[in-house]
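Peer 1: Here you go, one structure.
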Amino acid sequence: MSYETDGRDTAKYIVRSLNEPDIIGPDIKELYHHFAKRILWIDGNQVPGAFQMNTAWYKKAQPRDPLFSEHTHDYDELIGFFGCDPEDPYNLHAVIELGLDGEMHRIDSSSMIFVPGGMRHNPLRLLEVEQPIFHFSVVMSPEYSGETVYNVSAKKE
């Protein structure tokens, strides 16, 4: 068995660097940078046949205006938030506000949220962040295509 991956046929299935999609414009990238560090993004454009997944570290509270606005899409989505303390993994060391079908929820523990296709979700606000949060979202589609994903009018700190 070889552990060399560069140049092999199966190397195309491994994403090791960030290649953000065109749906994220320069204004959003710059604003996002103030409170988060995107790690990796995979979708069917990068790896044919893949579904879309996004990963990031949320480092601090964002502006109170939500960056992520309420929206819907036709596919299911899984959203996760994990605290980074291995001795207390369920303590998020943060408070997140998330809307699901118009109901607002406060999240302060490591959580995974299933959003069925067609359900309105967000706004999303990071209200308090004491320690970095690992965040991911997975959509069962080769591309992310939320109707109104980013609130470009969100104010910078």
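Peer 1: For region 31-40, in order, what is each residue's ³J(HN,Hα) by Karplus, 6.51 cos²θ - 1.76 cosθ + 1.60 with θ = phi - 60°, in whole Hz (x at glycine and Pro)?
Peer 2: 5, 4, 4, 5, 10, 9, 10, 5, 9, 9
Peer 1: Could you rank the peptides 44-57, 101-114 by their average count of other C-beta atoms within 10 Å per residue, with the highest value first?
Peer 2: 44-57, 101-114
Taken together, the values in this text are just the output of simple stated rules run on the coordinates, not laboratory data. The model shown is predicted, which means the values in this text are computed figures rather than measured ones. Note that we place each Cβ from the backbone using ideal geometry, even for glycine, and neighbour counts take in every protein chain shown.
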